[in-house]
Amino acid sequence: MKKIMILILTILTFSFSFGMKKVYVGTNAEFKPYEYLEGDKIVGFDIELMEAMAKELNYKVKWINMSFSGLLPALQSNKIDVVIAGMSATPERSKAVDFSKPYLAFGTGHAIIVNEGSNILKKEDLKDKRVGVQLGSKQEKLAEEKGGKIVLFDSFAGAILALTQNKIDSVVIDENSGEEYIKNTKGLKIADIIMDNSPGEAMAFKKGNKKLEEDFELAFNKVLESGEYLQLVKKYFPDKVSNNIIK
């Protein structure tokens, strides 16, 4: 009897999974604590939030990990359905894709990471310095505004490595991710923070895909109302809970 019950449960589970719709989600798993790799598994705030929303919609998430600069082109060419990657809805990006309402909004800071002993002490010191940023990131514009000589990398991990090898003078990166790199890389420090008034991180959808965008907005509201959202913020951003304007 026990074997029969196990068989029935297995069949039901398989049938349920088989009947679930797939949603192809693009991310760039090099942006801790938003999304990053633990072994071969993609984890992080964005990952858990997306999985929670997909569960509300009875979607099975198929994760596509790619370069940050490739995310929006992949969305436009229908290779993926949605992007969640710690991405903010800048005016330039909004010309190419549609964005959801922000799912995180801290009043974003961007860390200027330098080697210990660097003569870069404040953001004004970036002028004429070699500044590493990730290709396609908003930090590129921020560093340009400070007069930095931009050096583009496929990933922030590559930029950090170049900094440790003295190939560049600094890296400008999201403050939360910058703190994670500092924890795990000896000899680096945060010299200063560049603040910006962007509306926060949002999901991206192909222009005109309003149905999917509306579905995820509804699912996000359910995750928010259930209290699961707050638990995720506490887990990944414990010192930013009171600063997050999304309640």
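The mean sequence separation of alpha-carbon pairs under 8 Å and at least six residues apart, normalised by the residue count of the chain, gives a relative contact order of 26 percent.
Think of it as helices only: each DSSP H run of n ≥ 4 in the chain is worth -39500 (n - 2.57), and spread over all residues that comes to -11000 deg cm²/dmol at 222 nm. Divide the volume of the convex hull around the Cα atoms of the chain by the residue count and you get 142 Å³ per residue. Residues 23, 241, ranked from the fewest to the most other C-beta atoms within 10 Å, line up as 241, 23.
Going from the residue with the fewest nearby Cβ atoms within 10 Å to the one with the most, 87, 195, 20 rank 195, 20, 87.
Compute, for the chain, the length of the dipole vector about the Cα centre, with Cβ point charges of +1 (Lys, Arg) and -1 (Asp, Glu) only. Units Debye, rounded to 20.
Values: 35 positive and 34 negative charges, 130 e Å.
Using only the charged Cβ atoms, the result is roughly 620 debye.
The magnitude of the dipole of the range 109-195, with charges of +1 and -1 set on the Cβ of Lys/Arg and Asp/Glu and taken from the Cα centre, is near 200 debye. Here residue 247 is the anchor, and the lysines within straight C-alpha reach of less than 26 Å, apart from those fewer than 8 places off in the same chain, are 32, 55, 101, 138, 210, 211, 222, 234, 235. When the Cα positions of 190, 143, 162 are compared along the charge dipole of the range 109-195, 162 comes out farthest toward the positive end, with charges on each C-beta of Lys, Arg, Asp and Glu. Here the scattering of the range 10-123 is modelled by Debye summation over its C-alpha atoms, one equal scatterer each and no solvent; at q = 0.15 Å⁻¹ the log10 of I(q)/I(0) is -0.79.
Angle of helix 45-57 to the longest C-alpha principal axis of the chain, folded into 0 to 90 degrees and rounded to 10: 30°.
If the chain between residue 179 and residue 78 were fully stretched, how many nm would it gain, using 0.36 nm times the residue separation less the Cα-Cα distance?
Once the chain is fully extended between residue 179 and residue 78, it gains 32.9 nm.
Full extension of the chain between residue 121 and residue 145 yields a length gain of 6.9 nm, computed as 0.36 nm times the residue separation minus the alpha carbon distance.
Bear in mind that the values in this text are calculations on the coordinates, not laboratory data. Predicted model, so just to flag it, every value in this text is computed and none were measured. Note that we place each Cβ from the backbone using ideal geometry, even for glycine, and neighbour counts take in every protein chain shown.
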